[in-house]
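Reading through the structure tokens given below for one structure.
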Amino acid sequence: MNAPLGLFVLSILVSLIAFFLRNRPRWSGTIAALGTAGLAFVVLFIGFDEPFGVLGLSLKLSSRWVLLGRSFNLGPEIRPMIGYLYLSGAFLIAPSWLIKAPRYFYALGPLILAAVAASLMVQPFLFAAVFIELAAMGAVLVIVAPGSRSTSGGLRLLTLYTLAMIAILITGWQLETGAVTSAGQDLARRMTMMLGLGFGILLAIPPFHIWLPEAVRQSNPYVVAYIVVILQAAGLLFLFRLLDTYPWLRDSRGLLEAIQWAGAAAVLLGALWASSQRDARLLTIYALLADLGVMLVAIGNGTDAGLRLALVMSASRVLSLGVLSLALTQLSMFNSANLRGAGYRWPLASTTFLVGLLSLIGFPLTAGFPGRWSLLSGIGGIPLPIAIVIFGSMALLSIVALRWAFLLFSPDEDMKTRTSPTGERIFMMGGLILTVLLGIFPQAIFPWVVETVVGLTRLFP
Amino acid sequence: MPWLQDWIHIPAYALGVIGILLLLSNDRIWLLILLTAQYFLSAWLMLGSVQPVTSGAILLAGVLSALMLFLTVRSVRIQRYEPYELAFPSNVLFRVAVGVLGILASIGALRAEIVQLAGLDSMFILGALFALFSGFMQLGVTRSPLRVAVGLLTMLSGFSIVYVAIEPSLAVVALLALVHLGIALTCSYVLLQVAGSSAETLEDKA
């Protein structure tokens with residue numbers, strides 16, 4: 001028996017159980033969340049390639065699985081990344097039964113995680129693009145809910161990820177054959193641009209974010225948040241592995257500057273678009289875009305510290321976006337385009353929405369703040385104009401959040417308070433407390449998140 | 001079958017013609033017939049650089065994908081003619097112009113340094129580029145699920161022709177076949193949901 005095959009089989013098993021229980025969302029969601037959390041535990045804590053005991057039996061799991069001449073490797077350098085992904089997935093799947101997610105979500109959620117895990121395990125690692133494409137296909141099946149009248153969000157996602165796969169595979173072939181070895185050559189420049197196209201799509205950099213606004217309009221915001229978090233994490237970890245493998249890429253000043261400026265553009269555009277939205281779902285998506293832009297600025301810094309900050313921001317996004325979209329989905333059931341007075345009717349959901357939004361913006365005392373503060377205070381070492389753009393966008397988005405707070409708590413005809421069900425209250429209160437606690441005590445979790453990439457020894461010496 | 005390889009220019013040029021026909025056709029069934037023909041021509045083209053079994057595997061995945069889409073179209077009882085639903089002009093002349101642009105782009109791309117690096121026969125590359133650009137063009141002028149599926153599969157087919165030649169491993173063939181089938185399956189699901197929603201709307205109106 002080997003660990004990669006075991007991980008796939010167990011993920012499929014969790015998915016199958018969740019599928020058979022699809023008409024009982026609470027059970028289906030709980031099984032999917034517990035199953036993925038359990039798999040994270042196995043990946044992180046069970047020793048592979050050495051005997052261990054279970055119920056008196058001595059077992060040994062090999063960390064390598066060879067299939068059709070290619071191998072899947074669940075070695076010590078990959079395990080923390082996969083554990084982190086599965087934990088992020090479990091964290092987001094756990095409350096999903098509260099928000100009336102599409103009933104196939106619980107079955108497809110673990111499968112999407114398995115595809116992303118395969119993208120991290122496969123050798124040569126450039127084939128990861130194919131597995132991320134498979135994960136994107138699963139994402140489309142989740143986004144296009146039964147009975148959808150409009151499907152452009154899902155179809156755009158599929159089209160863009162197929163293009164990304166093609167761009168990355170072609171570039172990968174060039175890199176592997178050694179035709180491209182230095183960023184100074186003309187061909188290398190073109191190949192880097194192609195690689196940029198592929199990763200631009202995977203990280204949803206404008207204009208490749210076009211599937212997001214459509215998807216969030218056509219589907220459940222919480223489900224879209226899950227997809228964004230998992231696919232974006234897959235793209236980020238893939239990028240880290242690429243930078244780890246090809247030193248000339250991480251030494252290419254031009255490439256890193258381009259990433260920083262693309263990030264700055266995403267921050268600026270995201271903030272401006274968010275400020276002009278009247279629909280809370282689109283506001284969330286554009287605030288997310290600005291947040292992704294800040295992460296790119298950190299990556300473009302090219303230093304060890306900058307890359308670690310990018311990872312911290314990615315982790316804080318799991319919490320911010322999870323909390324925000326949970327509350328948003330509750331409010332969207334009411335009417336996302338007109339939330340006037342919703343703060344009186346649904347006080348907890350409205351407060352959670354605002355705190356999640358503030359965290360996504362990077363407001364002080366929220367989980368999103370420590371990463372941005374570190375970046376702006378000089379750890380990342382970013383150029384002044386980009387720092388001004390980030391700071392300006394934070395200020396603008398804070399004003400936008402304040403405007404939404406006024407809107408939510410404006411008097412309206414119907415101001416009768418409704419009580420949320422106990423499950424919703426528990427998850428939303430938990431999310432709120434965690435968001436604030438991580439804003440005050442970032443050391444509680446973030447150092448562990450940074451440790452997930454210690455296996456990439458050339459990138460993080 | 002060496003004689004098939006001697007006539008490799010036939011599938012190469014035919015892929016260009018099929019690309020234009022795919023853009024012109026409004027009939028869902030003909031779209032899928034053309035897609036299937038395109039897979040056969042791609043497989044013929046691949047014979048020039050890979051083992052017949054490799055070419056056959058991609059052909060099988062392609063034919064199964066087209067069949068999956070065909071069965072979906074048949075089962076959902078939607079109208080046979082596929083309308084273009086875009087702000088672009090969608091008349092025949094416009095689509096012919098788009099097709100010709102695709103062919104010119106393919107011929108232009110043939111001279112690119114990256115294409116020449118592959119060290120493959122120019123006729124072989126030209127056929128692949130025709131399919132690739134034809135897919136791009138289809139994706140650019142539509143957003144209907146069936147056309148997107150056909151566009152993606154056409155583009156992927158063009159890519160597969162070249163990629164299987166430069167990375168001729170069993171794993172690559174299997175993964176590409178999986179992607180072809182996955183795209184067909186995903187788009188079939190989307191088609192079913194859209195058709196279900198349309199049927200509900202009609203029932204509501206009735």
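Of the residues making up segment B:156-177, those that are within 18 Å of B:T36 (Cα to Cα) and facing chain A (nearest Cβ under 7 Å) number 2. Consider segment B:118-150 and keep the residues that are in a helix (DSSP H, G or I) and facing chain A (nearest Cβ under 8 Å). The one that is surrounded by the most Cβ atoms within 10 Å (Cβ to Cβ) is B:P145. Kindly provide the set of residues from segment A:51-87 that are without any contact (Cβ under 8 Å) to a residue 60 or more places away in the chain, outside any strand (DSSP E or B) and out of contact with any helix residue (DSSP H, G or I) (no Cβ under 7 Å at 6 or more places or on another chain), ordered by number. Matches in segment A:51-87: A:L55, A:G56. Within segment A:110-165, the set of residues being touching a residue at least 40 places away in the same chain (Cβ under 8 Å), facing chain B (nearest Cβ under 7 Å) and within 18 Å of A:L7 (Cβ to Cβ) comprises A:F127 only. What number of residues within segment A:354-370 are at pLDDT below 90, surrounded by 24 or more Cβ atoms within 10 Å (Cβ to Cβ) and assigned to a helix (DSSP H, G or I)? Total meeting the criteria: 0.
The single condition from (1) over 20 Å from A:F208 (Cβ atoms); (2) more than 17 Å from the chain's Cα centre (by Cα) that A:G83 fails is (2). Applying the criterion of being of a type in the set (S, T, Y) and under 20 Å from the mean Cα position of the chain (by Cα) to the residues of segment A:339-362, the residue that is nearest to A:S325 (Cα to Cα) is A:T352.
With respect to A:I132, determine if the residue is touching a Phe, Trp or Tyr at 6+ places or on another chain (Cβ under 8 Å) and modelled with pLDDT under 90. Quick ask: steps written out before the conclusion?
Working: touching a Phe, Trp or Tyr at 6+ places or on another chain (Cβ under 8 Å): yes; modelled with pLDDT under 90: no.
Here the answer is no, as A:I132 does not meet what is asked.
Just need a number here: residues in segment A:160-172 that are surrounded by fewer than 24 Cβ atoms within 10 Å (Cβ to Cβ) and hydroxyl-bearing (S, T, Y). Result for segment A:160-172: 0. Segment A:161-273 holds helices (runs of 4 or more DSSP H) entirely within its bounds, and those carrying 1 or more residues that are within 22 Å of A:V116 (Cα to Cα) and of a type in the set (K, R) map to A:221-245. Could you tell me whether segment A:25-33 includes any residue that is surrounded by fewer than 19 Cβ atoms within 10 Å (Cβ to Cβ), among the basic types (K, R) and not in a helix (DSSP H, G or I)? Within segment A:25-33 (the criterion being surrounded by fewer than 19 Cβ atoms within 10 Å (Cβ to Cβ), among the basic types (K, R) and not in a helix (DSSP H, G or I)), the answer is no, since none of the residues qualifies. Residues in segment B:1-55 that are in contact (Cβ under 8 Å) with a residue 60 or more places away in the chain and assigned to a loop (DSSP other than H, G, I, E, B): B:I8, B:G48, B:S49, B:V50, B:Q51. In this structure, A:L203 qualifies as touching a residue at least 40 places away in the same chain (Cβ under 8 Å), within 30 Å of B:P168 (Cα to Cα) and under 20 Å from the mean Cα position of the chain (by Cα). For segment A:209-257, the set of residues classified as under 13 Å from A:G302 (Cβ atoms) and polar (S, T, N, Q) consists of A:S252 only.
Considered as a group, the residues in segment A:434-458 that are more than 14 Å from A:M313 (Cα to Cα) and of a type in the set (G, A, S) include one that is surrounded by the fewest Cβ atoms within 10 Å (Cβ to Cβ), and that residue is A:A444.
Output the residues belonging to segment A:270-290 that are more than 19 Å from the chain's Cα centre (by Cα) and surrounded by fewer than 22 Cβ atoms within 10 Å (Cβ to Cβ). Once the filter is applied, which keeps residues that are more than 19 Å from the chain's Cα centre (by Cα) and surrounded by fewer than 22 Cβ atoms within 10 Å (Cβ to Cβ), segment A:270-290 yields A:L272, A:W273, A:S275, A:S276, A:Q277, A:R278, A:D279. When restricted to residues that are among the polar types (S, T, N, Q) and within 14 Å of the chain's Cα centre (by Cα), segment A:291-317 contains 2.
Looking at segment A:385-439, which of the residues that are basic (K, R) and assigned to a helix (DSSP H, G or I) is farthest from A:P95 (Cα to Cα)? I'd like the intermediate steps shown before the answer.
Filtering segment A:385-439 for residues basic (K, R) gives A:403, A:416, A:418, A:425.
From what is left, the residues that are assigned to a helix (DSSP H, G or I) are A:403, A:425.
Details: A:R403: 28, A:R425: 11 Å.
The qualifying residue farthest from A:P95 (Cα to Cα) is A:R403.
The values are calculated or read from the model by the stated rules, or taken from the named source; none is laboratory data. From a predicted model like this one, the values you see are computed outputs, not experimental measurements. Because the Cβ atoms are built from the backbone with ideal geometry, glycine has one as well, and the counts that use them run over all protein chains shown.
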